[in-house]
Amino acid sequence: MTSTAALPLPAATEVAIVGAGPTGLALAVTLAEAGVDFVLLDRQAEGANTSRAAVVHARTLEVLDELDPSGALSAELVARGIPVTRFQVRDGARPLARIPFDGLRTAHPYALMVPQYETEAVLLERLRALGGEVHRPYEVTSVTQDADGVTLTTTTGETLRAAHAVGADGMHSTVREAASIGFTGSAYGESFVLADVVMDWAPGPREVSLAFGTSGLTVVAPLPGGHYRIVATVDEAPAEPDLAQVRALLDERVPGQATVRELAWSSRFRIHHRVADRYRAGRLLLAGDAAHVHSPAGGQGMNTGIQDAYALGRALAAKDPAALAGYEARRRPVARRVVALTDRMTRIATTRNPALRAVRNTLLPTLSRIPALRDRLARELAELDYR
């Protein structure tokens with residue numbers, strides 16, 4: 001995904017958005033739909049072409065429908081992905097619990113498996129259709145506010161004046177640091193392997209599998225083009241896991257289920273679980289990973305960020321101080337709930353206590369057969385309870 005390089009910065013705007021990932025793009029689209037002037041900046045010369053986040057949940061697709069009631073926006077994204085109707089929990093290769101999505105009360109009763117760059121591309125196309133663009137590459141080095149507005153300064157010495165600035169610039173947010181907002185939480189001890197592979201996978205391309213094991217958590221999810229996404233906890237992962245290492249990991253954790261034929265891309269990362277102490281300090285606001293980060297279990301991160309952006313965009317468009325104040329009151333509890341859910345999922349999945357594993361593996365099949373509990377977890381994963 002690319003954008004026009006070195007588009008000149010205007011002197012002033014109403015809303016400056018720092019970061020043109022999914023959160024920043026969704027906020028820009030929301031503001032453009034409402035006729036609010038904005039400038040969207042990103043330090044990268046072009047958009048990312050790696051898949052990173054790989055799932056779009058039902059509530060996020062509903063948000064896209066609210067942004068474009070014709071349904072074309074969500075339809076374009078669905079056309080680029082794979083709708084998956086079940087989430088399968090396993091102990092190694094043994095099934096423990098199945099969480100179905102096809103009974104959800106929504107126009108999108110599935111999880112859409114689609115690379116992040118495709119989500120960004122669809123949002124960017126919509127933004128351009130509305131007359132917007134991304135200003136690249138502009139790295140913001142300082143953000144200062146006064147009674148009348150905010151001044152952003154870039155590495156080139158250029159400045160942009162705005163009534164409000166939004167940090168959609170990730171975990172190491174420049175805007176959050178400028179606002180002196182704490183980021184409370186901690187890091188997981190394990191590192192995570194992230195890989196996209198071409199493989200033969202026994203469960204097939206219509207489910208997302210979360211496998212428990214004594215070595216850690218392993219998630220396998222289908223992607224378009226015959227690819228699969230692998231996310232796995234490892235005590236100390238290599239910087240770029242190679243084909244042999246990914247094969248060995250899957251052979252150990254889901255024996256007999258996977259035959260990996262090609263490695264398309266791999267990386268190592270570490271995960272924190274943190275929530276910003278506030279989402280607003282005067283004229284500075286936060287959304288997405290600048291406001292919350294957590295385990296990838298459940299694929300909640302990008303979805304929560306896009307929903308932040310939509311809520312914030314509508315609050316800014318209302319030009320009502322009460323609406324803007326309500327943004328944090330509405331969205332921060334959602335982030336806390338998502339962080340708590342993904343943290344529980346990760347700790348349950350990665351426990352190495354034999355007694356706890358035995359209890360987990362006994363209880364899960366029983367609990368998953370209770371319709372109310374199964375449906376509640378499906379709604380939680382789909383984020384439909386956050387409407």
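The values are calculated or read from the model by the stated rules, or taken from the named source; none is laboratory data. Worth saying up front: this structure is predicted, and the values here are computed from it rather than measured. Every residue, glycine among them, receives a Cβ derived from its backbone with ideal geometry; neighbour counts consider all protein chains shown.
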Scan region 53-66 and give yes if some residue there is under 21 Å from Leu312 (Cβ atoms), at pLDDT below 95 and surrounded by 20 or more Cβ atoms within 10 Å (Cβ to Cβ), otherwise no.
yes
Looking at region 176-188, can you tell me whether even one residue there is within 21 Å of Leu96 (Cβ to Cβ) and in contact (Cβ under 8 Å) with a residue 60 or more places away in the chain?
no
Residue pairs, Cβ under 6 Å, 6 or more apart or interchain, first in region 149-175 and touching a residue at least 40 places away in the same chain (Cβ under 8 Å), second polar (S, T, N, Q) and in a loop (DSSP other than H, G, I, E, B). List them.
Gly167/Ser173
Being small (Gly, Ala, Ser) and modelled with pLDDT of 95 or more is the filter here, so list the residues in region 72-102 that pass it.
Ala72, Ser74, Ala75, Ala79, Gly81
Please pick out the residue among Ala48, Ala5 that is on the phi < 0 side of the Ramachandran plot, modelled with pLDDT under 95 and not assigned by TED's automatic domain parsing to the domain that holds Leu284.
Ala5
I'd like to know if region 47-63 contains one or more residues that are assigned to a loop (DSSP other than H, G, I, E, B), over 19 Å from the mean Cα position of the chain (by Cα) and basic (Lys, Arg).
no
Under 6 Å between Cβ atoms, at least 6 apart or on separate chains: pull out the pairs that start in region 262-273 with a residue that is within 10 Å of His294 (Cα to Cα) and end on any residue that is buried (at least 16 other Cβ atoms within 10 Å of the Cβ) and among the acidic types (Asp, Glu).
His273/Asp343
Only listed residue being over 30 Å from Thr141 (Cα atoms), exposed (fewer than 15 other Cβ atoms within 10 Å of the Cβ) and aliphatic (A, V, I, L, M), chosen from Ala211, Ala202, Ala187:
Ala202
Matching residues, region 232-261, being of a type in the set (D, E, K, R), over 30 Å from Thr304 (Cβ atoms) and in contact (Cβ under 8 Å) with a residue 60 or more places away in the chain
Arg261
Give me the pairs: first residue in region 99-119 and touching a residue at least 40 places away in the same chain (Cβ under 8 Å) and closer than 16 Å to Pro22 by Cβ, second residue polar (S, T, N, Q) and part of a loop (DSSP other than H, G, I, E, B), beta-carbon distance under 6 Å, and six or more apart or on different chains, which are they?
Pro115/Ser51; Gln116/Ser51; Tyr117/Asn49
